[in-house]
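J.: I'd like to ask some things about the structure below.
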Amino acid sequence: MSVLFWGLAVVLVASAMWTIMASKPVYSVVALLANFFALAVLYLTLSAEFLAMIQLIVYSGAILVLFLFVIAMLSSGVASFSVGPNRLPRIAVPAVLLVLIALGLVVVGIFMPHPAPLPLAGAAVNAGAVGDANVFGSVADFGRALFTTYLLPFEVTALILMVAVIGVIVLAGEHAPYVGTPRRAEEVRKSLREAIAREGD
């Protein structure tokens, strides 16, 4: 267990450093995704299955998609995009294999016997099924802590995320061309083509 913990710690720190030091925003999103997955595995080692699933579903499935939409929106219309090589045939087989392996792990996890969770050192932990009340990592225990003890940090975090997204849109939106009518859109396209032609010369 200690080897798994230190391995996850290295992945968490490395992916966090990659997130803030990546040269492109998309690379930062990929690094943040790896960080979320490692954190979810760390939750599983603590017998907090609900937190692990929420980590994957909410953060990896929703917040990162929002970040990608913001990046795509801010990158469109400001420069021309060159079509790169088609990499889909090369990644199709590895992607299918990864999906099959993931489904196999899910099936194994469903049908294999579940060992009793290990209690934390120096803490009184109630072991049991995740869905039961007053059990460490359960939905009821998590909801009670989130909306009572940690309500203020939860709301502050949500506010910070919203302000960050709005700030990025406002700061980077200065360079995006305004398109109000079809005539205005044609003028913008013409000015962009002229600017690209001047840069090419």
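The values are calculated or read from the model by the stated rules, or taken from the named source; none is laboratory data. The structure displayed is predicted, hence computed values, not measured ones. Positions of Cβ are backbone-derived with ideal geometry, glycine not excepted, and every protein chain shown enters the neighbour counts.
J.: Scan A48, A31 and give me the residue that is farther than 24 Å from V139 by Cα and modelled with pLDDT of 70 or more.
T.: Step by step, each of A48, A31 is checked, and only A31 is farther than 24 Å from V139 by Cα and modelled with pLDDT of 70 or more.
J.: Follow-up. Mind checking whether some residue in the range 181-192 is modelled with pLDDT under 75, in a loop (DSSP other than H, G, I, E, B) and within 31 Å of the chain's Cα centre (by Cα)?
T.: No, the range 181-192 has no match at all.
J.: Does Y59 satisfy the condition of being in contact (Cβ under 8 Å) with a residue 12 or more places away in the chain and part of a helix (DSSP H, G or I)?
T.: Judged against the criteria, Y59 is a match.
J.: Could you tell me which of the residues A127, A140, A123 is outside any loop (DSSP other than H, G, I, E, B), of a type in the set (A, V, I, L, M, F, W, C) and either at pLDDT below 80 or under 30 Å from L192 (Cα atoms) (or both)? Walk me through how you get there before you give the answer.
T.: Working: A127 fails: outside any loop (DSSP other than H, G, I, E, B); A123 fails: outside any loop (DSSP other than H, G, I, E, B).
When all the criteria are applied, what remains is A140.
J.: Taking D201 as meeting all but one of (1) at pLDDT below 60; (2) over 30 Å from T45 (Cα atoms); (3) touching a Gly at 6+ places or on another chain (Cβ under 9 Å), write down the number of the exception.
T.: Looking at each condition in turn, D201 falls short on (3).
J.: Given the conditions (1) part of a helix (DSSP H, G or I); (2) surrounded by 11 or more Cβ atoms within 10 Å (Cβ to Cβ); (3) at pLDDT 65 or above, report the number of the one that L159 does not fulfil.
T.: Among (1) part of a helix (DSSP H, G or I); (2) surrounded by 11 or more Cβ atoms within 10 Å (Cβ to Cβ); (3) at pLDDT 65 or above, L159 violates only (2).
J.: List every residue pair whose Cβ atoms sit under 6 Å apart, with the two residues 6 or more apart in sequence or on different chains, where the first one lies in the range 62-87 and is more than 19 Å from V170 (Cα to Cα) and the second, anywhere, is at pLDDT 60 or above.
T.: So the pair list comes out as L64/V29; L64/L33; S80/I196.
J.: Among the numbered criteria (1) modelled with pLDDT under 75; (2) in a helix (DSSP H, G or I); (3) touching a Gly at 6+ places or on another chain (Cβ under 9 Å), which single criterion is violated by P117?
T.: With respect to (1) modelled with pLDDT under 75; (2) in a helix (DSSP H, G or I); (3) touching a Gly at 6+ places or on another chain (Cβ under 9 Å), P117 is out only on (2).
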